[in-house]
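Heads up: the structure comes next, in structure tokens.
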Amino acid sequence: MGLLTGKNALIFGLANDKSIAWGIAQAFAREGANLGFSYAGDALEKRVRPLAAQLNVGFVEQCDVSSDEQIAAVAAKAADHFGGVDILVHSIGFANKDELSGFFYNTSRAGFHLAMDISVYSFVGLARAFQPILRPGAALLTLTYYGSVKVAPNYNMMGVAKAALEASTRYMASDFGPSGIRVNAISAGPIRTLAAMGVTGFRDMYKNFADMAPMRENVTAEDCGNAAVYLCSNMAAHVTGEILYVDSGYNIMASADPRTSKEG
Ligand code: NAD
Ligand code: 0WE
């Protein structure tokens, strides 16, 4: 018996085998979940289909979360295919590249709206669309980053969006709690995914993270997968509205500890 045996889990935000969504999918499969995938657009289909085949995933549907119609359509297809859904994972974030360097105050109105729409509202919209088919004991999960709480240079608009995403997690936990549905977030350390590549200063940040974190190691999509198993399983039956840090302890530090650097 796996921790997720008998549960239907839908994962949004799969782009390739580096995606945090893929780490979560592999962990869910290992724990016996029945999986479904959703990806953003045509360009990703050729990457996502082979990954789905690897885990015998029978539900693979496109959904651009900026469209209410596409969200409604994927919810209707999921209702047909699964009947009920036990787990919904939102592993989606996007801002225009222009909004991810330089001064935050230069964020455009359109750029602000776009990042909030794709990175925040989509979690709310998905939750509402799936509400009728969520089974008692269901769990919703999203992915966030520490730039929501403290200033992470260049993260800019995404930091503001993640703050709103974390607040949305708490408000939805309150809304859905009486129905026995839990809503949580994982705050992951930096991981080399598509969304992190080509980001100004990511390399230095990635290395600095491992030097500063108590455990002196970077985190992986697999770590996120294992934390996601916990949060979406009955092991976390009364855990809701939480932001769980999967970050080697980075967020507890005020500065690097010079006594025990990795180099010694
Ligand atoms: P990724 O690029 O693999 O995943 C991001 C996903 O968002 C992609 O699959 C992309 O297709 C999807 N997406 C973007 N616009 C969309 C739209 N309109 N409709 C549907 N899907 C859309 O990168 P990732 O790092 O795995 O990111 C997953 C989540 O983890 C994001 O919320 C990200 O902010 C968060 N996160 C990432 C890191 C990191 O360092 N990589 C750290 C903490 C949190
Ligand atoms: O949440 C993220 C990724 C956010 C992201 C990244 C991109 C790059 C390409 C959202 N939208 C886009 N749009 C693009 O066109 N992370 C936590 C990874 C990340 O992104 C950063 C980081 C870190 C860490 C951006 C700036 C500074 C640090």
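The values are calculated or read from the model by the stated rules, or taken from the named source; none is laboratory data. Predicted model, so just to flag it, every value in this text is computed and none were measured. A quick note on method: Cβ atoms are made from the backbone with ideal geometry, for glycine too, and the neighbour counts reach across all protein chains shown.
A quick yes/no check of all residues on (1) surrounded by fewer than 19 Cβ atoms within 10 Å (Cβ to Cβ); (2) at pLDDT 95 or above:
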site	(1), (2)
Gly189	no, yes
Gly201	yes, no
Pro214	yes, yes
Asn218	yes, yes
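If you go through region 143-159 one residue at a time, do you hit one that is under 22 Å from Met235 (Cα atoms) and touching a residue at least 40 places away in the same chain (Cβ under 8 Å)? Yes, some residue in region 143-159 is under 22 Å from Met235 (Cα atoms) and touching a residue at least 40 places away in the same chain (Cβ under 8 Å). So, in region 1-42, of the ones that are more than 9 Å from ligand 1 (Cβ to nearest atom) and farther than 17 Å from Gly225 by Cβ, which residue ends up surrounded by the most Cβ atoms within 10 Å (Cβ to Cβ)? Out of the qualifying residues, it is Asn8. Annotation note: Cβ proximity below 6 Å between a residue of region 33-53 that is assigned to a helix (DSSP H, G or I) and a residue that is surrounded by fewer than 18 Cβ atoms within 10 Å (Cβ to Cβ) (sequence gap 6+ or interchain) occurs for Arg47/Asn16; Ala52/Val60. If the condition is being within 13 Å of ligand 1 (Cβ to nearest atom) and either within 13 Å of Met205 (Cα to Cα) or assigned to a helix (DSSP H, G or I) (or both), then region 146-155 contributes Tyr146, Gly147, Ser148, Ala152, Asn154, Tyr155. Listed by first and then second residue, the pairs linking a residue in region 85-103 that is assigned to a helix (DSSP H, G or I) to a residue that is of a type in the set (Gly, Ala, Ser), with Cβ atoms under 7 Å apart and 6 or more places separating them unless they lie on different chains, are Asp98/Gly111; Glu99/Gly111; Glu99/Ala115.
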